[in-house]
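What follows is one structure encoded as structure tokens, with my remarks underneath.
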Amino acid sequence: MESEAIQEELQNLDVELKDVQGQISALIEHQDRLYERKSELKTLLKALAASESPVASSSGGSTVIENWSEAFEWDSRADDVRFNTFGISEYRANQKEIINAIMLGRDVLVIMAAGGGKSLCYQLPAILRGGTTLVVSPLLSLIQDQVMGLAALGISAYMLTSTSGKENEKFVYKALEKGEDDLKILYVTPEKVSKSKRFMSKLEKCHNAGRLSLISIDEAHCCSQWGHDFRPDYKNLSILKTQFPKVPMVALTATATQKIQNDLIEMLHIPKCVKFVSSVNRPNLFYSVREKSAVGKVVVDEIADFIRESYSNNESGIVYCFSRKECEQIASDLRERGISADYYHADMDVNMREKVHMRWSKNKLQVIVGTVAFGMGINKPDVRFVIHHSLSKSMETYYQESGRAGRDGLPSECILFFRSADVPRQSSMVFYEYSGLKNLYDIVRYCQSKTKCRRSAFFRHFGEPSQDCDGMCDNCALSSELKEVDVSDLAKLVVSMVQETQAKDQRVTMLQLGDKLRNKHKDLSAELKRDEIEHLVIKLIVDSVLKEEFQHTPYSTNAYVTMGPLANQLLQGRKTIKMETSSKQIKKSKRSISFSGLELKLDELRKEISAADGNILPHTVLSTQQIGSISSQKPDSLQELEKIIGKLKTEKYGDRILEEVMRHDVVSEDIVEDPTKEGACESRSRKRAKTQKDVVLVDSSDEDEEA
Ligand SMILES: Nc1ncnc2c1ncn2[C@@H]1O[C@H](COP(=O)(O)OP(=O)(O)OP(=O)(O)O)[C@@H](O)[C@H]1O
Ligand SMILES: [Mg+2]
């Protein structure tokens, strides 16, 4: 009897110890999170202090007062090239300062959001400084795009990649060695630097002759293992600073975390660089999360309706999917619904992929349905919408992927379709990655929240002070009745069920758990939909009450739900679980720009010129912003047009653009007034002044509907 009592006590102690262990690991996890947040906040404080002082932050702790915005002798030349060659009417934030720091010979680290205009920051000094600028860029498609774009502007840009022909290679090597031919900008992949001795020896000759004027490392986050796109060959780029210590180096990336910044500075050997960190905020992007139906057809219908209603002029978009099979299916479903869509994934032959990408870049295809393989090489500035058919694996990847919208700064939309059942699909892919689950649960929190500003989640993630969202996310734009409901009792039922299953040495997936619960508690099943139970299970996982465990089968990795570190706290009534519920739902959200009248004609014209040339993309002929400016200002001479788009584009396309403007003017006047009437001219100019409309039409007709 005594031994039985001891046995029992031992068993109880084991249970209690397990509980304590669970609490300790939960506390340790919590402690880690607090430390991490503390360090983020400290960095934030430093950044704030730096931004309050007039000195640009120099990572070398330089005490010299440096004002990168003052007047410099190259200012007028820089303005001339910016406007007349690049057709850019004014600098965006930090561009001028970065250019000045490079012109002064400093090493520079640029952190600027996608589409912020990083290319200009090294391309303009490349032209001003004379000699040759070397640009390292990770992807062939990015390099091709850039070289093509620069060539269209009459800038002598070349590339050396694995696909370069012999003739091209010969020309580049000769130009590097002898300096006789014009070679302003040379793009290479990192492999050239790390693997080609021949290339490095030619580069050395160029340098020794004093002709290597600048080294630019684009997409520099590829250096860091902490980044989302680590490329081993980027690690060897330190050789550039070692070999050419006096040549200024500029490293550019859109990825902003402090850890990655420090990593880059160390790996590229630029400890004294001047750092320019711009905000991660993309004010022109409208972020929203929509509940994803369990029925696939309904989701595709919703996506197709959205595209048809908001982007009927063939405006470009991307739909991201989880798997290759899903991509193909959704692309075909969209085509069936009359939308010009095609798929893009890693299983396709390179030529096929390139063909799809090119059709899309030339606006011959409206939507690319892609996996994450459709990534870094996308340079299209006028992507108006990015839809996630499934959630991304982290806030960082979501920021990157959704950030492919609106790189031209014009209003664009980012919609994520969220369904709890998609979480185990992602978790079974990322659980072995460093912080994989933690990162995934961060984006799940983002999706589950019905109250918090979507933007603030990005600020928090990148350790940046919050900024006003200005109603540019669903949670800020929508004023609906939101409540927090205590669901602890239901949560206890869920956790007890997991506990029972585990006690029987069985495993349960989220799907099975929902079914079991509804079978056992028939009274609940009338009230509770499967989706709601899954929603709760995911919340419990994210809150460490439950946890996911994974098991490999020969065909897949399955995610099971098990007791988490805080399970017992909940069962013992020491923890409450609250869920946000919303009485209203966004049914339709429409934030779009749309072309009308002359804009449509100019859009047609740029496509026509691009198609006839074959080597120029429509947005290089005229950017969407330029189309807007021409349509609102309606220039009636080449001189007037030149004031809007600069000399080069006016010389190349001016006559055809003016023809279009005049034709449109005549047509619209035929409609509105009798041109023979006296005073028509005056009324025309008055009319013009009146139609100086904001070319960007932002339609914000949200329709809220009872759920
Ligand atoms: N000052 C400016 N005014 C108007 N448009 C600009 C300006 N600077 C750059 N752009 C345009 O913005 C678009 C994006 O520029 P760019 O490709 O340099 O972005 P990025 O910062 O390199 O982005 P990513 O991280 O996606 O590579 C391009 O179409 C470019 O011509
Ligand atoms: Mg870029």
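The values are calculated or read from the model by the stated rules, or taken from the named source; none is laboratory data. Treat the numbers as computed from the prediction; the structure is a model and nothing was measured. Heads up, the Cβs are rebuilt from the backbone with ideal geometry, glycines too, and the neighbour counts pull from every protein chain shown. Keep in mind that these areas ignore ligands, DNA and RNA; they rest on the heavy atoms of the full protein, side chains included. Shrake-Rupley method; radii C 1.70, N 1.55, O 1.52, S 1.80 Å.
Here are the numbers:
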| item | result |
| --- | --- |
| Candidate set: segment 527-552, residues that are in a loop (DSSP other than H, G, I, E, B) and aliphatic (A, V, I, L, M); chosen: the one farthest from the chain's Cα centre (by Cα) | LEU528 |
| Some residue of segment 194-208 being closer than 23 Å to GLN146 by Cα, modelled with pLDDT of 95 or more and under 27 Å from the mean Cα position of the chain (by Cα) | no |
| Matching option when the condition is on the phi > 0 side of the Ramachandran plot, open to solvent by less than 40 Å² (accessible area, probe 1.4 Å) and away from ligand 1 (no atom under 14 Å from the Cβ), among GLY154, GLY179, GLY117 | GLY179 |
| Qualifying residue in segment 412-434 (condition: buried (at least 20 other Cβ atoms within 10 Å of the Cβ), away from ligand 2 (no atom under 16 Å from the Cβ), of a type outside the set (A, V, I, L, M, F, W, C) and closer than 28 Å to MET112 by Cα) | yes |
| Any hit, segment 268-289, residues being more than 29 Å from ASP218 (Cα to Cα) and touching a strand residue (DSSP E or B) at 6+ places or on another chain (Cβ under 9 Å) | yes |
| Segments classed as strands (runs of 3 or more DSSP E), wholly inside segment 266-340, with at least 1 members that are open to solvent by 10 Å² or more (accessible area, probe 1.4 Å) | 274-277, 285-291 |
| Residue, most open to solvent (accessible area, probe 1.4 Å), within segment 341-352, restricted to residues that are more than 18 Å from GLN329 (Cβ to Cβ) and not in a loop (DSSP other than H, G, I, E, B) | ASN351 |
| Hey, ASP333 within 27 Å of ALA612 (Cβ to Cβ) and modelled with pLDDT of 95 or more or not | no |
| Filtered residues of segment 223-238 (kept if open to solvent by less than 10 Å² (accessible area, probe 1.4 Å), modelled with pLDDT under 90 and not small (Gly, Ala, Ser)) | CYS223, TYR234 |
| Test for ALA152: is it out of contact with any helix residue (DSSP H, G or I) (no Cβ under 7 Å at 6 or more places or on another chain), farther than 15 Å from VAL250 by Cβ, at pLDDT below 95 and among the hydrophobic types (A, V, I, L, M, F, W, C) | no |
| Residue within segment 234-248 that is of a type in the set (Lys, Arg), more than 16 Å from ligand 2 (Cβ to nearest atom) and over 20 Å from LYS202 (Cβ atoms) present | yes |
| Number of the condition not met by GLN512 [criteria: (1) over 21 Å from the mean Cα position of the chain (by Cα); (2) part of a helix (DSSP H, G or I); (3) buried (at least 16 other Cβ atoms within 10 Å of the Cβ)] | (3) |
| Pair list, Cβ < 7 Å and 6+ apart or interchain, from segment 461-480 residues that are within 21 Å of GLN400 (Cβ to Cβ) and free of Cβ contacts under 8 Å to residues at least 24 places away in the same chain to residues that are part of a helix (DSSP H, G or I) and of a type outside the set (A, V, I, L, M, F, W, C) | SER466/SER456; CYS469/ARG455 |
| Selected residue (criterion: farthest from ligand 2 (Cβ to nearest atom)) from residues of segment 79-92 that are assigned to a helix (DSSP H, G or I) and either small (Gly, Ala, Ser) or crowded, with 20+ Cβ neighbours inside 10 Å (or both) | VAL81 |
| Number of the condition not met by LEU410 [criteria: (1) within 11 Å of ligand 1 (Cβ to nearest atom); (2) within 21 Å of LEU139 (Cβ to Cβ); (3) outside any helix (DSSP H, G or I)] | (2) |
| Segment 361-381, residues that are open to solvent by less than 30 Å² (accessible area, probe 1.4 Å) and away from ligand 1 (no atom under 14 Å from the Cβ) | LYS362, ASN363, LEU365, GLN366, VAL367, ILE368, VAL369, GLY370, THR371 |
| Among the residues listed as GLN146, GLN95, the single one being touching a Ser or Thr at 6+ places or on another chain (Cβ under 9 Å) and surrounded by 18 or more Cβ atoms within 10 Å (Cβ to Cβ) | GLN146 |
| Only listed residue being more than 24 Å from GLU97 (Cβ to Cβ) and not in a helix (DSSP H, G or I), chosen from ASP233, ASP182 | ASP182 |
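Okay, residues lined up against (1) among the hydrophobic types (A, V, I, L, M, F, W, C); (2) under 30 Å from PHE595 (Cα atoms); (3) modelled with pLDDT of 90 or more; (4) touching a strand residue (DSSP E or B) at 6+ places or on another chain (Cβ under 9 Å):
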{"residue": "LEU391", "(1), (2), (3), (4)": "yes, no, yes, yes"}
{"residue": "MET395", "(1), (2), (3), (4)": "yes, no, yes, no"}
{"residue": "TYR398", "(1), (2), (3), (4)": "no, yes, yes, yes"}
{"residue": "ALA405", "(1), (2), (3), (4)": "yes, yes, yes, yes"}
{"residue": "LEU416", "(1), (2), (3), (4)": "yes, yes, yes, yes"}
{"residue": "ASP422", "(1), (2), (3), (4)": "no, no, yes, no"}
{"residue": "MET429", "(1), (2), (3), (4)": "yes, no, no, yes"}
{"residue": "GLU433", "(1), (2), (3), (4)": "no, no, no, no"}
